[in-house]
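Here the structure comes first, spelled out in structure tokens, and everything after it is commentary.
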Amino acid sequence: DFEAVRVGEPKEKKLTLKNIGKYPVKYGFNMKKKSTREIFTIEPSEGVLAPEEVKDIVVRFESKKEFKMKTSQSTSDIKLTILEGGSAEKFSEIPINFNVNSVFSKYTIVPLRNINFGPMQYGEQKELTFEIKNNGLFPFNFAIC
């Protein structure tokens, strides 16, 4: 579950694999769709697990545009394939579900255009205000130049 992620910023989650069998097994992660391969990376994406061995897998998400998806067992494009160590025969294929919402920062500025002070005499002071409101999911910094 990646939850909310800012567009362009990577987010990593850890997945732990453990071989509870008596024999070594090979594993590999597969992503059929190009769009999935462009936003997810998995390291290591394949390998061998000895009996009782535990291995941490890092799943990294990074999107260059807004993207929202929640997968289920039947809709997931990321699959973990377990192969018998000696024969390389497919033992199991497990869909990896994910939930991600990649968004840009969103804000509003009121008034929308410029602040008009109208006609003023030299040395006269006048105060006008404007509002910057964060409508997004993340805090953001701004500068007035």
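The values are calculated or read from the model by the stated rules, or taken from the named source; none is laboratory data. From a predicted model like this one, the values you see are computed outputs, not experimental measurements. Note that each Cβ is placed from the backbone with ideal geometry, even for glycine, and that neighbours are counted across all protein chains shown. With ligands, DNA and RNA removed, areas are computed over all heavy atoms of the protein, side chains included. Shrake-Rupley method; radii C 1.70, N 1.55, O 1.52, S 1.80 Å.
Restricted to the stretch 69-145, the set of strands (runs of 3 or more DSSP E) holding at least 1 residues that are open to solvent by 60 Å² or more (accessible area, probe 1.4 Å) comprises 78-84, 90-95, 107-110, 131-134. State whether one or more residues within the stretch 52-66 are modelled with pLDDT under 90 and of a type outside the set (Asp, Glu). The answer is no; no qualifying residue exists. Counting the residues of the stretch 73-104 that are more than 17 Å from the chain's Cα centre (by Cα) and polar (S, T, N, Q) gives 6. Restricting attention to the stretch 1-46, the residues being small (Gly, Ala, Ser), on the phi > 0 side of the Ramachandran plot and not in a loop (DSSP other than H, G, I, E, B) number 0. Do we find a residue being touching a helix residue (DSSP H, G or I) at 6+ places or on another chain (Cβ under 9 Å) and among the β-branched types (Val, Ile, Thr) anywhere in the stretch 116-138? No. When VAL25 is tested against the conditions (1) within 22 Å of SER102 (Cβ to Cβ); (2) of a type outside the set (Lys, Arg); (3) touching a residue at least 24 places away in the same chain (Cβ under 8 Å), the lone failure is (1). Among the residues making up the stretch 19-49, those that are more than 27 Å from the chain's Cα centre (by Cα), surrounded by fewer than 13 Cβ atoms within 10 Å (Cβ to Cβ) and of a type outside the set (Ser, Thr, Tyr) are ILE20, LYS22.
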